[in-house]
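The next block holds one structure in the form of structure tokens; read it before the comments.
The values are calculated or read from the model by the stated rules, or taken from the named source; none is laboratory data. The structure displayed is predicted, hence computed values, not measured ones. Cβ: placed from backbone, ideal geometry, glycine included. Neighbour counts: every protein chain shown.
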Amino acid sequence: ETGVTQTPRHLVMGMTNKKSLKCEQHLGHNAMYWYKQSAKKPLELMFVYNFKEQTENNSVPSRFSPECPNSSHLFLHLHTLQPEDSALYLCASSRDRDIGGYTFGSGTRLTVV
Amino acid sequence: EDQVTQSPEALRLQEGESSSLNCSYTVSGLRGLFWYRQDPGKGPEFLFTLYSAGEEKEKERLKATLTKKESFLHITAPKPEDSATYLCAVQVVNAGGTSYGKLTFGQGTILTVHP
């Protein structure tokens, strides 16, 4: 166990569904991140939260909605997704934004049908 | 625009055959360069952080080095269990010396070590 737990591990959803991805970290870190990993492409930053406040939205479509109720939990709410949104969604945490040694979770493999 | 390019895209080695992976970067201001290992179906696992040119870090059969333009991950006498995708990433600082948590990743090098 890496200290960053993501659920579910796999998710299949239709384009009209609403679902949520969950991330929890037990490391006492203050910064949390969502990254998207698509086949043949580098990891793409989606959102950054620092001390529960969103500090970066990397031009992500509004069909992805993040929520950070506290420094240990991070959610990604999904609605009306497209097939091209199918990817591995990775959560990561770090002590703070200036420390780049992220700890990643194992990811949620999302398939949009 | 900050860019990270890794080469080769894929590398096949025989067990015991040493080699190096390359990570070239173009950034406005480097705070740190990071190496991660990713196994299939898992999230990236942190290996090394390098902060300044000339710095070197070692862990078992891996050694990471940094210059002002690139980083190398040297693998000495690899074993089949070293097979994975190796990712390089950079963290950039702005003119005020602040970074915003963003890591810019390369596409990775898929390493396969045959017994």
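Miscellaneous remarks
- Condition met for residue B:30 (among the hydrophobic types (A, V, I, L, M, F, W, C), within 16 Å of residue A:41 (Cα to Cα) and at pLDDT below 95): no
- Residues that are away from chain A (no Cβ under 14 Å) and either assigned to a strand (DSSP E or B) or surrounded by fewer than 16 Cβ atoms within 10 Å (Cβ to Cβ) (or both), drawn from segment B:69-94: B:69, B:70, B:72, B:73, B:74, B:75, B:76, B:77, B:79, B:80, B:81
- Qualifying residue in segment A:73-81 (condition: part of a strand (DSSP E or B), over 24 Å from residue A:16 (Cβ atoms) and more than 14 Å from the chain's Cα centre (by Cα)): no
- Residues in segment B:21-56 that are in a loop (DSSP other than H, G, I, E, B) and among the charged types (D, E, K, R): B:39, B:42, B:55.
- Selected residue (only one of B:76, B:109 is modelled with pLDDT of 90 or more, within 12 Å of the chain's Cα centre (by Cα) and within 19 Å of residue B:48 (Cα to Cα)): B:109
- Within segment B:32-45, the set of residues being surrounded by fewer than 19 Cβ atoms within 10 Å (Cβ to Cβ) and either facing chain A (nearest Cβ under 9 Å) or over 28 Å from residue A:10 (Cβ atoms) (or both) comprises B:41, B:42, B:45.
- All conditions in (1) surrounded by 20 or more Cβ atoms within 10 Å (Cβ to Cβ); (2) not in a strand (DSSP E or B) hold for residue B:64, with the sole exception of (2).
- Of the numbered criteria (1) of a type in the set (Lys, Arg); (2) surrounded by fewer than 19 Cβ atoms within 10 Å (Cβ to Cβ); (3) touching a residue at least 40 places away in the same chain (Cβ under 8 Å), the one residue A:36 fails is (2).
- Being surrounded by fewer than 17 Cβ atoms within 10 Å (Cβ to Cβ) and in contact (Cβ under 8 Å) with a residue 60 or more places away in the chain is a property that holds for residue A:7.
- Residue match in segment A:74-86 (condition: in contact with a strand residue (DSSP E or B) (Cβ under 9 Å, 6 or more places away or on another chain), facing chain B (nearest Cβ under 9 Å) and surrounded by 14 or more Cβ atoms within 10 Å (Cβ to Cβ)): no
- Condition met for residue A:54 (at pLDDT below 95, within 28 Å of residue B:51 (Cβ to Cβ), within 15 Å of the chain's Cα centre (by Cα) and not hydroxyl-bearing (Ser, Thr, Tyr)): yes
- Leading residue by the ranking (nearest to the other protein chains (Cβ to nearest Cβ)) among those in segment B:95-106 that are closer than 21 Å to residue B:43 by Cα and of a type in the set (Gly, Ala, Ser): B:101
- Output for segment A:87-113, where each listed residue is in contact (Cβ under 8 Å) with a residue 12 or more places away in the chain, surrounded by fewer than 17 Cβ atoms within 10 Å (Cβ to Cβ), within 12 Å of chain B (Cβ to nearest Cβ) and not in a strand (DSSP E or B): A:95, A:96
- Residue that is free of Cβ contacts under 8 Å to residues at least 24 places away in the same chain and within 14 Å of chain B (Cβ to nearest Cβ), where the choices are A:58, A:50: A:58
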